[in-house]
1. Counting just the residues of the range 306-342 that are of a type in the set (Lys, Arg) and more than 12 Å from residue 292 (Cβ to Cβ), which one comes out nearest to the ligand (Cβ to nearest atom)?
2. Could you check the range 312-337 and list, in sequence order, the residues that are in a helix (DSSP H, G or I), closer than 19 Å to residue 439 by Cα and aliphatic (A, V, I, L, M)?
3. Residues of the range 182-210 being closer than 23 Å to residue 279 by Cα, within 16 Å of the ligand (Cβ to nearest atom), in contact (Cβ under 8 Å) with a residue 40 or more places away in the chain and not in a loop (DSSP other than H, G, I, E, B), which ones?
4. Hey, among the residues in the range 228-286 that are within 26 Å of residue 203 (Cβ to Cβ) and charged (D, E, K, R), which one's nearest to the chain's Cα centre (by Cα)?
5. Has the range 69-81 got at least one residue that is surrounded by 13 or more Cβ atoms within 10 Å (Cβ to Cβ), in contact with a Gly (Cβ under 6 Å, 6 or more places away or on another chain) and not acidic (Asp, Glu)?
6. Can you find, within the range 402-461, the residue that is nearest to residue 337 (Cα to Cα) among those that are surrounded by fewer than 19 Cβ atoms within 10 Å (Cβ to Cβ) and hydroxyl-bearing (Ser, Thr, Tyr)?
7. Condition first: closer than 16 Å to residue 192 by Cβ and part of a loop (DSSP other than H, G, I, E, B). Now tell me which residues in the range 400-424 satisfy that.
8. Residues to consider are 291, 300; find the one that is closer than 20 Å to residue 427 by Cα and either within 16 Å of the ligand (Cβ to nearest atom) or modelled with pLDDT of 95 or more (or both).
Amino acid sequence: MTNRTFLVHSSRWALMAAITLGCLIPVNAHEGHGHKPKKVLDEDAYRPTARPDRIILTWTADPTTTQAVTWRTSTEVTEAFAEIAIATSGPEFPKTAKSLTAKSEALKTNLGTAHYHSVVFTELAPKTKYAYRVGDGENWSEWFHFSTASEQPEPFSFIYFGDAQNDLRSMWSRVIREAYSDAPKAKFMIHAGDLINTAESDGEWGEWFGAGQWLNAMMPSVPVPGNHEMAKLPEGGRKLSHHWRPQFALPQHGPQGLEETCFTMVYQNVRIIGLNSNEQLDAQTPWLDKVLSENKCPWVVCTFHHPVYSTAKDRDNAALRTAWKPILDKHKVDIVLTGHDHSYGRTGLDTPLITTGNVPTGVNTTDPKTGTVYVVSVSGPKMYNLQTQPVMKRSAEDTQLYQIIHIDGDKLKYEARTATGEVYDAFTLEKQPGKINKLIDQTPSTPERRRQPGSVPAASASKPSTPAKTAVAP
Ligand SMILES: [Fe+2]
């Protein structure tokens, strides 16, 4: 071995030894050298830049011909644009892209001020895949795809989430991503309120958008507000988070004062109705009745935050049931999707005939004439006690869930899946001419998930919110 060869070999050995030793240094040894990890602050993690983020698709109008998109930038972006083209298999589509100028507004949050921009694409062709991007002319998002709805009642799926609310980045992200991996072609995602815990926390909204990431830019969302989207006012009372309207472009045809929180839209053969169960219940009753009276869709899906049938006795929403259930009964709404109770419960078709607040839940009066199925679900990690209710055909405690609902002609197939993708609850509704829906129960034989004796509620340390008793105002 020459001196030079020896030196080369020695260096290699020294390098390998250093790497090996480095690998063996205990992680906590760093603390002995004065290095303490620092938490990344929300104002750093969620600081807006000129590059668009929090991009989300929603609808303000007909999903066959329109699509709304909203995004966020730093305040230096004062003019923003969206470009759109029919997507092609090759990279040539940008040559045919049209540009639209966004409507922009400033939003002052607890972390600073950002600009929110929105564009509504109109005059789109039904059942067509589009590519779009958003930006300021220099800083652009990637090109995203979305597809318009068909004018025909073709089969499709959608996803429904109960409360996400807590630990959105660490614990809810896995649920929305598992749901996407199970139903990547779903046409939209319903969020039944309490998307976040603190109405005016920009960091929490940042976590919520971060969990969905690019999925929000490709699969439209249909959100309704829960009590946690209602911010406390210094003078008392509550008001819808001032994040809500700048960041979600939704229909404004609800009763006055409930714009973008009470709305309806039609996706193929399904009428979707989103209600605001936090306020002005009585104003929404005649509106709901009118929408349902004029409805021509065979399927009706209603979503709002507070349950008609709670999964715990001390969380009953009698005022809501008094206001809305007679209308839901009258029009034989097919399914009602809610949250708020941080557990799972689903009724069958023999739902008790309860329309006022004077009758306790679970009485043996039944109404076999409506066929409405009521669901309470939770997707985030905050868990409350479940008190099994007689009306619930399937319940769960301490379980994060998402639901995939598939509609094909006269059949609606429902599946609730756990955060790990296992089917936990399932049924099929079938339309029957002149009769209420037929329910085919497909509940798996797995035991109901209940908290183990002696264990504490899972995950979040968040305190339960005050349950609504005689009214649903938070
Ligand atoms: Fe809630």
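The values are calculated or read from the model by the stated rules, or taken from the named source; none is laboratory data. Quick caveat, the model's predicted, so the values are computed rather than measured. Positions of Cβ are generated from backbone atoms using ideal geometry, with glycine treated the same way; all protein chains shown enter the neighbour counts.
1. Ranking the qualifying residues of the range 306-342, first place goes to 315.
2. 328
3. 190
4. Taking the candidates together, the pick is 229.
5. No: the range 69-81 contains no residue that is surrounded by 13 or more Cβ atoms within 10 Å (Cβ to Cβ), in contact with a Gly (Cβ under 6 Å, 6 or more places away or on another chain) and not acidic (Asp, Glu).
6. This residue is 428.
7. Across the range 400-424, the qualifying residue is only 400.
8. On the way: 291 fails: closer than 20 Å to residue 427 by Cα.
Every option except 300 fails the conditions.
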